[in-house]
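To start, the structure itself, in structure tokens.
The values are calculated or read from the model by the stated rules, or taken from the named source; none is laboratory data. Note that the structure is predicted; figures quoted are calculated from it, not measured. Glycine gets a Cβ as well: all are built from the backbone with ideal geometry, and neighbour counts include every protein chain shown. Ligands, DNA and RNA are stripped out before the accessible areas are found, and what is left, the full protein with its side chains, is counted by its heavy atoms. Shrake-Rupley method; radii C 1.70, N 1.55, O 1.52, S 1.80 Å.
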Amino acid sequence: MSASSAFNDEKGGSSSVGEPEYGHDPASGGIFSSDYKRHDDLKEMLDSNKDALKLEAMKRIVAMIARGKNASDLFPAVVKNVACKNIEDPNQLIRASALRVLSSIRVTIIVPIMMLAIKEAASDMSPYVRKTAAHAIPKLYSLDPEQKDQLIEVIEKLLADKTTLVAGSVVMAFEEVCPERIDLIHKNYRKLCNLLIDVEEWGQVVIINMLTRYARTQFLNPNINESLLEEGGGGDKTFYCSDEDEDEDEEKEKQAEVSALAKRKPYVMDPDHRLLLRNTKPLLQSRNAAVVMAVAQLYFHLAPKAEVGVIAKALVRLLRSHSEVQFVVLQNVATMTIKRRGMFEPYLKSFYIRSTDPTQIKILKLEVLTNLANETNISTILREFQTYIKSMDKDFVAATIQAIGRCATNIGEVRDTCLNGLVQLLSNRDELVVAESVVVIKKLLQMQPEKHSDIIKHMAKLTDNIQVPMARASILWLIGEYCEHVPKIAPDVLRKMAKSFTNEEDIVKLQIINLAAKLYLTNSKQTKLLTQYVLNLAKYDQNYDIRDRARFIRQLIVPTEKSGALSKYAKKLFLALKPAPVLESPFKDRDHFQLGSLSHLLNAKAGGYQELPDWPESAPDPSVRNVEVPEWTKCSSREKRKEKKVEKPFYSDSEGESGPTESADSEPDTGSGSESVSVSVESGSPSDSEESEESSESDEDEEEEEKEKKKKKKEIKQMQASERLVSRSKPDVSFQTIAPSSALKNYELLHRITGEGLSVEYCFSRQAFSPDANMVAVQMHFTNNATSDTKNLHIEDVKLQSGMRVKEFAEIELLPAGEATTAVMGVDFCDSTQAANFQLCTHTRKFFVSIQPPVGELMRPVFLTENEFKKEQSQLMGMNEISENLTLDAKCRNEHAIVQRVTTAANLSRVPCGSDKECRFAGKTVTSGSLVLATVATKDEGAAQLTVNCEKMVIGTMLVKDLLLALTQ
Amino acid sequence: MIHSLFLVNASGDIFLEKHWKSVVSRSVCDYFFEAQERATEPENVPPVISTPHHYLISVLRHRIYFVAVIQSEVPPLFVIEFLHRVVDTFQDYFGVCTEAAIKDNVVVVYELLEEMLDNGFPLATESNILKELIKPPTILRTMVNTITGSTNVGEQLPTGQLSVVPWRRTGVKYTNNEAYFDVVEEIDAIIDKSGSTITAEIQGVIDACVKLTGMPDLTLSFMNPRLLDDVSFHPCVRFKRWEAERILSFIPPDGNFRLLSYHVSSQNLVAIPVYVKHNITFREGSSQGRFDLTLGPKQTMGKAVEAVLVSSQLPRGVLNANLNPSQGTYTFDPVTKLLTWDVGKINPQKLPSLKGTMSLQAGASKPDENPTINIQLKIQQMAISGLKVNRLDMYGEKYKPFKGIKYMTKAGKFQVRT
């Protein structure tokens, strides 16, 4: 086929030369290339009475269309032949092919014909034709979404099909057209579970993913009891030793509650839930990685904790596969190891890294190893890491250093070992390695302030030996930052540095100046002369950056009669509390995406992604899945039927049978029935009948009890949720929660019923509103649930109390049906909780709405030091101080919880504080800038005192009320 | 699901494109090329790339990137697995899967792709079904087609798609009925500096070539099935039977296929067939390094170790290597710094060694890194785990087939750290 390469070039653009399908010999394509001739040829073939010729012609047309070529002139010929004749052909393969051709024609006028053909094919005798009908559904849907309702009817019908051939294709159509119609699955659930093992591989993946979602809406969380226990201890490792005692207490409480719950009503798994788990398990042995992954994610999301372990072995097996498969599997394993570390621990060595692995695989394996590290295996892992440090792949070495840093933060026992190891790396020749180690050491030191001095002393000694400028600079920064912890050594380091100043690199020089400035501010007695000496040297440095810096710093720290207002704030500028960096796995919390999905891999919602729902608090009625047993099947009792299903073998345990059978058919009596029989079964059994034997199974008392239990569970769940929030945010971070926390409360502005499909929610984003600093930023979230587009969304007729102002958001010109968008508006509430009333207008309607701020949103955080706080507080006594005694909520007795609750209730920032019995917060009102100070002093047994100091007494009183509520509930 | 497919060669040219829905412009591949430029090695291109309107999922096989264009949520492994299946099919049809082979058979390639996906959803991926639909090209058929103007599209209707054993085509006839099974085991190991094993495991596969008339039903049993810790099967294997009796019972596809892959339980000690004595050193201040490597057989159960190939990535600072092999040949690529030594067979009486010096960049300090040594080898007539097939029986057909079983052990990812 010598001409084929020439052909290939033409494929890209020109269509003037013949397609290979037309001329049988590609080389002759040019000769017979006239359109007329071509189509004649195909038409003739379609008209022929030979099956093979018809099939051939249609295949070519499909191929042509699939490549995006215009086949519209063939349209009448195809429709004439296909729609009218071939669709009634006695040969099922011809019928199927005809439908495939018809459904591939992307012309809207054909929609009604296509619809008819699909409907007809959906009740065809041949399962193969029905499969083709299922395939045609998404095609028609993408051509004309208006047909959705009719197509859903067809899907419903095909879902009831009992052959394996159809199952995969129809579920695929279901997922594309109407994934939200979970109710269509009820009646077919058990059948799908039972057919699953015999469905072709690709269909298995689709069905398993869909059933995972289904199960999440219909069954109860099998780990409801365990997950309560897990949260307190193992799951989330907190970095702070101080919490551990409290955690234990909490755990005990929880345990008590749980056991109380368990006594009342133990969790019993729905038999249908069990059926799904049991029938998917053998598929972990599939050769198809996608199937294995689908089962693995199903187990991860649905199985009781004790059973999830089975997937580990299968996933580890996939690591032997192609590197792309490894890549995806490792991503998912990384997410799983955060929640369920124990599961992969036995396979630790399977994640060891080989020098031949591609870098992206190496880094993922490293992630998994880090997640798996615990007290018992850390020494093995660190030994392994040591060899990685010597790798030639420098990106990988850098990642290893970060991994060591994370191990050190998570496992207290090895912190010193890791630090020592990292310090040694500072003398590595590779700049990247040094830089990375320094960064990690810095992070580690910032995280545990109480242990600073030892390590900083050690680092100080290293300045004599380490020559890499980057490392020297970092060490100097550390000494300066924590100079109060090493009061004797710091001045001495400065002395040495002053001596060598002229020989240092520029970045080191800058840090020497920084160190000098910080020391001057804290210990001017000892370092005044040294600082002046350093500044003088810097003044005449060759580098202008250094000269500038020296000049700038001198102005700031050395008070002269001319020095400006800034020098007052010198200490605040230099010694501000810097946030400790967070060393967290990038895979934390990724499991809110369904595992194995594209969205999970990208950690962003991909188009068409179906959210994995949360477990329901109480199980919906299980009887919806009951299917009436057709009379002609002799087994009437459900038990018997089920038994048979359970034993239903993999395709061919029906040993005696010969020839092609519909073995997958779940109806036991169908045996080797011919297709026509199975069709008649379908039409004969009204599968959507509601009658069932066991709908009355559960008596009412039990139901009541169950409800109560569910309620309790819900409460616990909520508590857990808040707990989780607390343990996630480190206090050091929340100090400067100027950025909004993720837990912003949403308020409803317009309900979708009143809004006729338009729903609006708003929250106080706590971000500075840039057009006007005196305004509170209100972030509005518009969702158009209606079927028509909404246009010209804007604000009108603003009614405000005097002094209040509103900055409207820019008009939203178009909000298409089903879409959502956000906009930000600014409101100056004048430090009052008066509502801002206005009309929200669309192109057709106006809605009266109002925004009323909680008092906590009328302020913004300010940064104060402990001393300043005390000073300001002393000026706001008497009338301006309001104190209340309270008993803290049982879940809110540690520092984290208090900080979390206060900062959630009010937009305040935390003020550092020496005593661990007190939490202090500071803020300013948005409009007038009056200080708002809050103090929570804890006493024994949950007693506490809340003090708020504020010039504006109204604000103060209201804030006290809100905070009391937040802390006691 | 899968919208389009682009085939990109090593030099970054798109040499084939196929669209299952509407046409997606080639320019979407620019995002892929960008990622390709960013990656230092070809295998470091991320398999999943997100672009403003599409997602690109790619696999790299035989130095060809198969780039699938996706528009909405689909499990990435689904696409990756499918793409690998496409490559396997091409390989099955054309013997090799190279750019040249694809270009030579462009018509068959399009026909195959058309049958494998319908509207982006996999339709027929079983090799047996495909071969019924589209005949693999042979020299004779190509000639006949050229002269008579017919195509490779099968004349008969593809009845296999309707069967419950979709992996087996119907009406198979052979004059010589034969069934061959290859038990191939690979040792994955990491050996540390001092020669002790850090991790070692055995992964095995049983590949079959079955050419039997009619609908044979085979059972294969092992002497020691408990060795198999984790298995994955071709869909033809009856899972229940394996669970209950540890017997492989199946109606085989026609032709070549992988019956089973397995993992040998890690409780069993893995025999390491070779040892390596190495001394690779760089001295501070000297522009020379020593390289000294000796191989020897360890636990081989008396079988010869053959086809030994040693490769090692030397540090970047190494300019050249001047070595002396006691047997075989070695090459050193000064650009990639890859040292390979084709040893051949290990003679236990006279152990192969490779000794000499490496020259380093003058003035450069001694490299921090230690190279790792990768070893490939083969041992015939032995499965290192000790797995043995007990018997193979055929039911359902009357004739007596010819049966053969072959064992082999290979090194998989076998690394020695220095």
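Taking a ≥ b ≥ c as the square roots of the Cα gyration tensor eigenvalues, with a/c under 1.5 meaning rounded and otherwise prolate when a/b beats b/c, else oblate, which class fits the range A:323-385?
Details: a/c = 2.28, a/b = 1.25, b/c = 1.83.
Oblate, since a/c reaches 1.5 and b/c is not below a/b.
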(request) Give me the distance in nm between label points sitting 7 Å out from Cα along the Cα-to-Cβ direction at A:Asn792 and A:Leu53, one decimal. (result) 6.4 nm
(request) Give, in nm to one decimal, the length gained when the segment between A:Glu88 and A:Thr968 is fully stretched (0.36 nm per residue of separation minus the Cα-Cα distance). (result) 309.4 nm
(request) Could you name every residue in the range B:398-414 that has 50 Å² or more less accessible surface in the full protein assembly than in its own chain alone (probe 1.4 Å, ligands and nucleic acids excluded)? (result) B:Lys413
(request) With label points built 7 Å along Cα→Cβ from the Cα atoms of B:Lys410 and B:Met301, find their separation and express it in nm. (result) 1.9 nm
(message) Which positions within the range B:196-228 get 40 Å² or more of their accessible surface covered by the other protein chains, compared to the chain by itself, with a 1.4 angstrom probe?
(response) B:Ile198, B:Thr199, B:Gln203
(message) Can you give me the orientation-averaged projected area of the convex hull built on the Cα atoms of the range B:19-136, in nm²?
(response) 7.4 nm²
(request) For the range A:882-930, give the percent of accessible area contributed by carbon and sulfur heavy atoms, probe 1.4 Å, rounded to a whole number. (result) 41 percent
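Which FRET efficiency, nearest 0.05, do A:Thr754 and A:Lys394 yield, Cβ-Cβ r, R0 41 Å? Present the calculation step by step, with values, prior to reporting the outcome.
Working: r = 60 Å, r/R0 = 1.47.
Taking R0 as 41 Å, the efficiency between A:Thr754 and A:Lys394 is 0.10.
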(request) Could you list the residues of the range B:335-355 with an amide nitrogen less than 13 Å from a label point located 7 Å from the Cα of B:Asn322 in the Cα-to-C-beta direction? (result) none
(request) Assign one of three labels to the range A:797-862, namely rounded, prolate or oblate, based on the Cα gyration tensor with a ≥ b ≥ c the square roots of its eigenvalues; rounded applies when a/c is under 1.5, prolate when it is not and a/b is larger than b/c, and oblate otherwise. (result) prolate
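Under the classification rounded if a/c is under 1.5, otherwise prolate if a/b is larger than b/c and oblate if not, where does the range A:824-969 fall, given a ≥ b ≥ c as square roots of the Cα gyration tensor eigenvalues? Before the final figure, lay out the partial values.
Numbers: a/c = 2.39, a/b = 1.73, b/c = 1.38.
Prolate shape, in that a/c is at least 1.5 and a/b is the bigger ratio.
By how many nm would the segment from A:Arg429 to A:Ser500 grow when fully extended, if each residue of separation counts as 0.36 nm and the alpha-carbon distance is taken off?
Values: separation 71, 0.36 × 71 = 25.56 nm, distance 2.22 nm.
Extra length available between A:Arg429 and A:Ser500 comes to 23.3 nm.
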(message) Past the 17 angstrom mark, what percentage of all C-alpha to C-alpha distances in the range A:432-521 do you count?
(response) 42 percent
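What accessible area per residue comes out for the range A:512-553, rounded to a whole number of Å², with a 1.4 Å probe?
Working: 2350 Å² over 42 residues.
Ligands and nucleic acids excluded, the result is 56 Å² per residue.
For a distance above 18 Å, tell me the whole-number percent of Cα pairs in the range A:100-199 that qualify. Walk me through the intermediate numbers first.
Details: 2018 of 4950 pairs.
Every Cα pair in the range A:100-199 considered, those over 18 Å come to 41 percent.
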(request) Would you please state the base-10 log of I(q)/I(0) at q = 0.24 1/Å for the range A:360-422, with intensities from the Debye formula using one equal scatterer on every alpha carbon? (result) -0.98
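Please work out the FRET efficiency for the pair A:Asp545 and A:Ala817, using the Cβ-Cβ distance as r and a Förster radius of 60 Å; give the result to the nearest 0.05. Could you put the intermediate results ahead of the total?
Working: r = 57 Å, r/R0 = 0.95.
After rounding to 0.05, the efficiency reads 0.60.
Cα-based Rg of the range A:802-904 per 2.2 N^0.38 Å, rounded to two decimals?
On the way: Rg = 20.4 Å, N = 103, 2.2 N^0.38 = 12.8 Å.
Taking the Cα Rg and dividing by 2.2 N^0.38 Å, one obtains 1.59.
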(message) Greater than 21 Å separation of Cα atoms is the criterion. Which listed pairs, A:Lys807/A:Lys846; B:Lys350/B:Lys378; A:Lys365/A:Lys605; A:Lys281/B:Lys131; A:Lys131/A:Lys162; A:Lys488/A:Lys568, meet it?
(response) A:Lys365/A:Lys605; A:Lys281/B:Lys131; A:Lys488/A:Lys568
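Just subtract the alpha-carbon distance of A:Asp772 and A:Lys488 from 0.36 nm times their residue separation and send over the number in nm, one decimal. Mind dumping the intermediate values first?
On the way: separation 284, 0.36 × 284 = 102.24 nm, distance 4.82 nm.
Computed gain between A:Asp772 and A:Lys488 is 97.4 nm.
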(message) Are there any residues in the range A:98-126 with a reduction of at least 20 Å² in accessible surface when going from the isolated chain to the assembly of protein chains? Probe 1.4 Å, please list them by number.
(response) A:Arg100, A:Arg106
(message) Ratio of alpha-carbon Rg to the 2.2 N^0.38 Å globular estimate for the range A:755-819, to two decimals, please.
(response) 1.28
(message) If you take the accessible area of B alone plus A alone and subtract the pair, what total do you get in square angstrom, rounded to 100, with a 1.4 Å probe?
(response) 9000 Å²
(message) What does the charge count around B:Phe282 come to, taking other residues whose C-beta lies under 9 Å from its C-beta (Lys +1, Arg +1, Asp -1, Glu -1)?
(response) +2
(message) Quick check on chain B: helices-only [θ] at 222 nm, where DSSP H runs of length 4 and up contribute -39,500 (n - 2.57) each and the sum goes over total residues. Nearest 500, please.
(response) -5000 deg cm²/dmol
(message) Given the C-alpha atoms of chain B, compute the convex hull and give its volume per residue in Å³.
(response) 194 Å³
(message) When 1/r is averaged over all different Cα pairs and the result inverted, which Kirkwood radius in Å belongs to the range B:164-265?
(response) 15.3 Å
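List the pairs from A:Lys571/A:Lys917; A:Lys148/A:Lys745; A:Lys305/B:Lys413 whose alpha-carbon separation is above 29 Å, in the order I gave them. Each step should come with its number before you reach the end.
Numbers: A:Lys571/A:Lys917 26 Å; A:Lys148/A:Lys745 36 Å; A:Lys305/B:Lys413 33 Å.
Over 29 Å Cα-Cα: A:Lys148/A:Lys745; A:Lys305/B:Lys413.
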(message) So, R0 is 41 Å and r is the distance between the beta-carbons of B:Leu309 and A:Ser142; what FRET efficiency does that work out to, to 0.05?
(response) 0.20
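For chain B, what is the accessible area per residue in Å² when the probe is 1.4 Å?
On the way: 17400 Å² over 418 residues.
Ligands and nucleic acids excluded, the figure is 42 Å² per residue.
Is there a simple number for the mean count of other chain Cβ atoms within 10 Å of the Cβ of residues in B:181-193, and what is it? Could you put the intermediate results ahead of the total?
Values: counts 0, 0, 0, 0, 0, 1, 0, 4, 1, 7, 0, 3, 1.
Mean number of neighbouring Cβ atoms from other chains: 1.
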(request) Obtain the nm distance between the two label points defined at A:Asn465 and A:Asp614 by a simple spin-label model: each point lies 7 Å from its Cα along the Cα-to-C-beta direction. (result) 5.4 nm
(request) For chain B, give the percent of accessible area contributed by carbon and sulfur heavy atoms, probe 1.4 Å, rounded to a whole number. (result) 50 percent
